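**Student:** Got a structure here, written out as structure tokens. Questions coming.
Where a number appears in this text, it was derived from the coordinates with a stated rule and is not lab data. The structure presented is a predicted model; accordingly, all values stated were derived computationally and were not measured. Don't worry about glycine lacking a Cβ; one is built from the backbone with ideal geometry, like all the others, and counts go over all protein chains shown.
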Amino acid sequence: MAGRTFDSNAPEVISKIKGLVRFIIAGVGCGRLPTVEIDRYITYCTDSSGECHCNPDLSCGKKTLSFYNESQAQRLIIIFRVLGIVRQLLQENRHASKRDIYYMHPSLFSEQTVVDSAIKNICILLQCSRHNLNVVPAGKGLMMGWLRFTGGDRIYDCIKKPNSAYPIPVHVEEIEGLVSAAQYILVVEKETVFKRLANDKFCSKNRCIVITGRGYPDVSTRRFLKHLVENIQLPVYCLVDCDPYGIDILMTYKFGSTQMAFDARLMCVPEVYWLGVLPSDQRRYSLPDRCLLPLSPEDKMKAEAMLQRCYLRKRTPLWRLELEKMLHDGVKCEIEALSATSFTFLSDEYIPGKIQREGYI
Ligand SMILES: [Zn+2]
């Protein structure tokens, strides 16, 4: 755990925690064990009419936790134990990761997902975001390119060496003096592709910022991308593997993740375009057959479930068509398939060519 100095709305969150505890104690004082109602949030539904009103900013019902039900009581006990830890963090102006919290009472929490779920419920109960609780993500994203800013004690002068990787800062709130000479932001799914672009000196040849969340992006990578877009207003192009997991990662950036539906408005980036690899690119760029792999039964199930998501119908019908094409063709490929004929094809032709010719959707 590390002490930090930047402003937070800690007093407000502490007073909400006190209010919640008072509510429970008052119930006990009246001789009854109270129930706690927690709002439910979703990022999408599977309504095929296209007329649903899914909105991650609005609750879509409530779940009730009661002390009279044994398993619900256990969840409430865990929520209140984590609340106690959060209150201490806020009072002492310290930060902890979810992993730190787990290790404070491993026998009570039994596994990490129990802590994760308690934190999610606390955010909903207190109507605040995880960073307002001083619970911080570990940080795994990388960036490079045409930007400069200070964050905490550190200066991120990426412009000096535009092809060098910098860790994405965990505390977006600390970012100051953000300056960028970039024309666009490129988000790549994989670290291997990020390194390929760094080796190819992609950011010396193209005025851009490249970001990778190294697979499914963590909270800091998504909040950082959102912060960049809000402050420097650049288009965001996303390059993911042409398989259901790559497309799910793409959708996480644009629409938010199911697990973090309550926080979606703070993290989803509606400005994201799908640059590639599109299922229709396989033919357009004559990818060799040896690079195309058959979809596994698991891939097909995932793709079919993704096709039901209402936001694809309502907001990105072209993405939906591409996903349908993938299922119809029954094949997938990795980003690296674009390097099959030439190592530099990806950075010299595919990415800049697609951006110039607006080959994104
Ligand atoms: Zn819906």
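**Student:** HN-Hα J couplings of the range 220-226 from phi, Karplus 6.51/-1.76/1.60, θ = phi - 60°, integer Hz, Gly and Pro as x?
**Tutor:** Once θ is set to phi - 60°, the couplings for the range 220-226 become 5, 5, 5, 5, 5, 4, 4 Hz.
**Student:** What distance in nm separates the two pseudo spin-label positions at Tyr216 and Arg315, each 7 Å out from Cα along the beta-carbon direction?
**Tutor:** 1.9 nm
**Student:** What is the fewest-to-most order of Met306, Met267 by other Cβ atoms lying within 10 Å of their Cβ? Please report the intermediate quantities before stating the final value.
**Tutor:** On the way: Met306 18, Met267 23.
By the 10 Å Cβ count, ascending, the order reads Met306, Met267.
**Student:** Next question. So, with +1 on the Cβ of K and R and -1 on the Cβ of D and E, and no other charges, what is the size of the charge dipole of the range 6-133 about its Cα centre, to the nearest 20 debye?
**Tutor:** Working: 15 positive and 12 negative charges, 93 e Å.
Roughly 440 debye, rounded to the nearest 20.
**Student:** Hey, got the dipole for the chain? About the Cα centre, +1 on K and R Cβ, -1 on D and E Cβ, debye to the nearest 20?
**Tutor:** Magnitude of the dipole: close to 540 debye.
**Student:** Same structure, new question: If amide hydrogens are placed 1.01 Å from N in the peptide plane, which non-local residues have theirs closer than 5 Å to the one on Tyr41?
**Tutor:** Long-range HN contacts for Tyr41: Cys60.
**Student:** Over the Cα atoms of the chain, what Rg and Dmax result, in angstrom?
**Tutor:** Calculated on Cα positions, Rg and Dmax stand at 22.5, 75 Å.
**Student:** To continue, here is another question. Return the sequence-ordered ³J(HN,Hα) values of the range 152-158 in whole Hz as given by the Karplus equation 6.51 cos²θ - 1.76 cosθ + 1.60 applied to θ = phi - 60°, using x for Gly and Pro.
**Tutor:** x, 8, 10, 9, 9, 9, 5
**Student:** Sum -39500 (n - 2.57) across every DSSP H segment of at least 4 residues in the chain, then divide by the residue count to get the 222 nm mean residue ellipticity, nearest 500.
**Tutor:** Values: 15 runs with 149 residues, N = 361.
That comes out to -12000 deg cm²/dmol.
**Student:** Give the residues of the range 308-324 whose amide nitrogen is closer than 14 Å to a point set 7 Å from the Cα of Asp47 in the direction of its Cβ.
**Tutor:** Residues 309-315 fall inside that zone.
**Student:** Tell me the trypsin sites (Lys or Arg not before Pro) within the range 9-105 that lie in a loop according to DSSP and have at most 14 other beta-carbon atoms within 10 Å. All intermediate terms of the calculation are to be shown ahead of the outcome.
**Tutor:** On the way: sites: Lys16, Lys18, Arg22, Arg32, Arg40, Lys62, Lys63, Arg75, Arg81, Arg87, Arg94, Lys98, Arg99; in loops: Arg32, Arg40.
Here the sparse-neighbourhood loop sites are Arg32, Arg40.
**Student:** Can you work out ³J(HN,Hα) from phi for every residue in the range 80-89, in order, using Karplus 6.51 cos²θ - 1.76 cosθ + 1.60 and θ = phi - 60°, giving whole Hz and x for Gly and Pro?
**Tutor:** 6, 5, 5, 4, x, 5, 4, 4, 5, 4
**Student:** Let me ask something else. Pairs to check: Lys18/Lys120; Lys18/Lys254; Lys205/Lys226; Lys195/Lys325; Lys98/Lys201. Give those whose C-alpha atoms are more than 28 Å from each other in this structure. List each step's numbers first, then the result.
**Tutor:** On the way: Lys18/Lys120 18 Å; Lys18/Lys254 36 Å; Lys205/Lys226 25 Å; Lys195/Lys325 30 Å; Lys98/Lys201 36 Å.
Result: Lys18/Lys254; Lys195/Lys325; Lys98/Lys201 exceed 28 Å.
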